[in-house]
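Structure first, then comments.
The values are calculated or read from the model by the stated rules, or taken from the named source; none is laboratory data. Because the structure is predicted, anything quoted here is derived from the model rather than measured. Neighbour counts run over all protein chains shown; Cβ positions are idealised from the backbone, glycine included.
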Amino acid sequence: MRARRPGIPTKRPWRISAIRPSTIRPMEFLISGAGIGGLATALALRQLGHRVQVFEAAAELREIGAGVVLGANAMRALDRLGVHAAVRAAGHPVTGIGLLDERGRVLNDVDTRAFTAPLGYDNLAIHRAELQRVLRQHLPAECLHLGKALTRFEQTANHVTAYFADGSQATADALVAADGIRSRARLQLLPDAQPRYAGYTCWRGVTDAAVLGLPPGRSTESWGRTGRFGMVPLADGQVYWFACVNSPTAQNPTYRAWGLPELRQHFARFHAPIPELLQLTRPEEVLWGDIIDLKPIGQFAHGRVLLLGDAAHATTPNMGQGAGQAVEDAAMLARCLQEESTLAAAFRLFDQRRRPRTTRIVRQSWQLGQVAQLSHPLLVALRNAVMRRLPASVNARQMQFLYAE
């Protein structure tokens, strides 16, 4: 009997075409934002036969950004969009997650294969730019419009018109707002739903660290009193790393001025190979930004306008589900459009199905970040003691929730 290849589903997954055809006529959708959520949604809608125009504020889609982890749940959604194989080929499987203290002692360790194998999909680490490239390659060039920053929209009973900063406009049957945590569409609909600062700031980088010989497939986070450091192996010896430090204020000018010398000094007492990885990192590989999210909102669907991805449920990165939830959104929107006979009903169904799950993830990720960033010595000692004694059943319940349909 031949062994199953890792990452190949053991059974044929649900695909968009497997659901009964929708009675909704082919429509035209405007999508604001050409990030992960916007591009994935464009793929899903086009597969259903709808016309799609994607409008991106940036003048060019530059290959910037750091690494991202796509859970098995996100890989399943990408399979439903027909791009699983291409995405997997550009990434690197993650089979274990280790939580350590600053001296390298294990606080918690999970072999995720026990949870992902039944699904037939791996967790995958990939450079964000690579993921964006794969999604874009599966879309016709003419559906993407760059340099189009959404400023506002107007909707009637029959259509939506989007207005852009360059003075142009576009009209269609619906608008999917996938324009990120600072979404202009959400600002118009819900002006009080503003990004919130998590209390810590973060540096990220992708570095060629093949010389370090890090264990393939194992990501780690190291929690200390002065900060937190994570490492995620990517393909071809590349490593995605992040370093988080508490800051009482957002956009702190002290941390804005930090470069590699300050980071190396700050994390010098952390266990190997953290100092070595920072020594290998070049200045141009480092990105800095505060950690922010969006407090759960009460509605994603607003008539012919739908909030999606970070525009709807931006989360802190502590659970590695930000990009994955955007991909899930795209697959679920397609499913809802197939199951309902009107656009309004499909958007409402999407809201009903997605909001409880994303709300839980946003809240849990926020809470996890507060625990991870503890700095008081007594609280750190207590936290570490609890993490060492955490029952395996707790990890199992969390994994089962993340990978659930």
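Of everything in the stretch 284-343 that is within 19 Å of the chain's Cα centre (by Cα) and charged (D, E, K, R), the residue that is nearest to D122 (Cα to Cα) is E328. A residue that is in contact with a Pro (Cβ under 8 Å, 6 or more places away or on another chain), small (G, A, S), modelled with pLDDT of 95 or more and part of a loop (DSSP other than H, G, I, E, B) occurs somewhere in the stretch 268-281. One residue alone among T315, T254 is touching a Ser or Thr at 6+ places or on another chain (Cβ under 6 Å) and of a type in the set (S, T, N, Q), and that residue is T315.
Checked against (1) farther than 20 Å from R182 by Cβ; (2) modelled with pLDDT of 95 or more, E284 passes all but condition (2). Residue count for the stretch 226-241 satisfying the condition of being crowded, with 17+ Cβ neighbours inside 10 Å and more than 18 Å from the chain's Cα centre (by Cα): 4. If the condition is being closer than 17 Å to W241 by Cβ and not in a strand (DSSP E or B), then the stretch 108-129 contributes R128, A129.
Filtering the stretch 188-212 to residues that are touching a helix residue (DSSP H, G or I) at 6+ places or on another chain (Cβ under 9 Å) and part of a loop (DSSP other than H, G, I, E, B) leaves A193, Q194, A209.
Just checking, how many residues over the stretch 102-123 are acidic (D, E) and in contact with a His (Cβ under 8 Å, 6 or more places away or on another chain)?
1
When the criteria are applied in full, L374 meets the requirement of being of a type in the set (A, V, I, L, M, F, W, C), closer than 30 Å to P248 by Cα and modelled with pLDDT of 95 or more. Filtered by the rule that a residue be touching a strand residue (DSSP E or B) at 6+ places or on another chain (Cβ under 7 Å), part of a strand (DSSP E or B) and surrounded by 20 or more Cβ atoms within 10 Å (Cβ to Cβ), the stretch 292-303 gives D293, L294.
Can you tell me which condition H84 does not meet? The list is (1) touching a Phe, Trp or Tyr at 6+ places or on another chain (Cβ under 9 Å); (2) more than 30 Å from L30 (Cα to Cα), and all the others hold. Failing condition for H84: (2).
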